[in-house]
Amino acid sequence: MTHHETCKTDIPKMLEISDVVQEGKGQKSFFFRHSIDCKPGQFMMVWIPEIDEKPMAVSYWSKKEFAFTSQAIGRWTNALDKFKKGDKLGIRGPYGNSFSIKNNACVVAGGVGFSSVSTLIDVLKNPLIICGARTKEHLIYLKRYKNKNLIITTDDGSYGRKGFATDMLEAVLNQNKKIKAVYTCGPEIMMIKAFEICPRYKVELEASLERYMACGFGICGKCMINDRICCIDGPIFNSKQLSQMSEFGKFARLKSGRKVTIKEYHERH
Ligand SMILES: Cc1cc2nc3c(=O)[nH]c(=O)nc-3n(C[C@H](O)[C@H](O)[C@H](O)COP(=O)(O)OP(=O)(O)OC[C@H]3O[C@@H](n4cnc5c(N)ncnc54)[C@H](O)[C@@H]3O)c2cc1C
């Protein structure tokens, strides 16, 4: 046993919420005063008794506490939205692989995908961050990263530059030849674009993918992408691995395990 009390029992541990922070519209961070061993990019399985258990990236991490940041979009995340300080949630993890740590990095975050790269940003040396969201209301962590090198884009131009985060990435790579690594998490359409842009500038990419996960530790097979099990081989994959995954940007599996197009996947859940 290390001095860190781990939740990695594969059985949820009921932890009390120590704080709830409203980050943006429908986006809240849930803090736990509890010590975990966690590497940048890892995720937790979060259980709401009598409802379901879902994956959430660790978005804040220190020796004494951790948090995850959820966006209320469906049944489970809307149920979570009602949880308050002092309430308890079932937590197990952390699970998954982690980002490599490289200098001269650019981080491209889309929407609540910012949460999956935030613990990476906290350990990188002066990264350039491009953060994209649909509108001003959907932006998170502006205060948290106000002293960082942050470029903001919104699809509707309501804050920062108007346009997509990946258009900004292309402009940045064009001008700044020092950037050697790009890290991304966000909608798969955005990550596919980043995956296409990076080789043109001979820059390595690591992307954190999202697939339906039920167990989080490689038993159920629902999160398979080609022959990769997203929850244990990923969720982070590099350019070389992504280039060998023909399903990236095209197919995902429903909770039954049935393979469908990405478009159908997002319509059906
Ligand atoms: C490794 C990983 C880390 C994640 N981290 C975060 C995070 O930090 N913050 C956050 O807001 N969201 C995160 N998600 C997505 C989050 O798990 C889903 O948004 C959530 O489960 C939606 O559940 P729902 O019932 O509210 O919505 P639903 O209406 O059931 O689903 C809405 C969408 O969420 C996705 N989804 C639903 N269930 C799952 C599941 N069991 N596994 C994966 N995706 C699912 C699907 O894309 C679906 O189309 C992460 C997903 C993965 C795989």
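Every number here is computed from the coordinates shown, using simple stated rules; none is lab data. Quick caveat: nothing in here was measured; it's all calculated off a predicted structure. Using ideal geometry, Cβ is built from the backbone for each residue, glycine included, and neighbour counts are taken over all protein chains shown.
Observations
- Hits among lysines - C-alpha to C-alpha of residue 162 under 23 Å, sequence gap 8 or more where chains match: 25, 136, 143, 146, 148, 193
- The chain, helix-only ellipticity at 222 nm - DSSP H runs n ≥ 4, -39,500 (n - 2.57), divided by all residues, nearest 500: -5500 deg cm²/dmol
- The charge dipole of the chain, taken about the Cα centre with unit charges on the Cβ atoms of Lys, Arg (+1) and Asp, Glu (-1), comes to about 440 debye, rounded to the nearest 20.
- For the stretch 13-95, the Cβ-based charge dipole about the Cα centre amounts to some 120 debye (Lys, Arg positive; Asp, Glu negative; other atoms uncharged).
- Taking packing as the residue-averaged number of other Cβ atoms within 10 angstrom, the listed peptides 74-85, 138-149 run from highest to lowest as 138-149, 74-85.
- Taking amide H as placed 1.01 Å from N in the peptide plane, the amide H of residue 204 sits under 5 Å from that of 182, each at least 5 places away or on another chain.
- Taking GluC sites (Glu not before Pro) as exposed when DSSP calls them loop and at most 13 other C-beta atoms lie within 10 angstrom, the chain has its longest site-free stretch at 51-269.
- Among 29, 100, the order by Cβ neighbours within 10 angstrom, fewest to most, reads 100, 29.
- Fewest-first sequence of 121, 101, 192 by Cβ atoms within 10 Å of each Cβ: 101, 192, 121
- Modelled spin-label separation between residue 100 and residue 266, with each label point placed 7 Å from Cα along the Cα-to-Cβ direction: 2.9 nm.
- Taking the C-alpha atoms of the stretch 120-189, convex hull volume expressed per residue in Å³: 99
- Volume per residue of the C-alpha convex hull in the stretch 100-147, rounded to whole Å³: 71
- Kirkwood Rh and Cα Rg combined as Rg/Rh, the stretch 152-267: 1.02
- Unit Cα scatterers, Debye sum, the stretch 1-101: log10 I(q)/I(0) for q = 0.13, 0.23 Å⁻¹: -0.41, -1.34
- Computed P(r) (all Cα pairs; the chain; 10 Å bins; percent): 7, 30, 38, 22, 3, 0
- Around residue 88: net Lys/Arg minus Asp/Glu count, Cβ-Cβ under 15 Å: +1
- Extent along principal axes [Cα atoms of the stretch 71-184; Å; largest to smallest]: 48, 33, 23
- As a rough footprinting exposure proxy, the listed residues 155, 227, 233 were ranked by other beta carbons within 10 Å of their own, and the order from fewest upward is 227, 155, 233.
- Positive-end residue, the stretch 132-269 charge dipole about Cα centroid, Cβ charges, pick of 138, 218, 150: 150
- Among residues other than residue 155 with Cβ under 14 Å from its Cβ, the summed charge is +2 (Lys and Arg +1, Asp and Glu -1).
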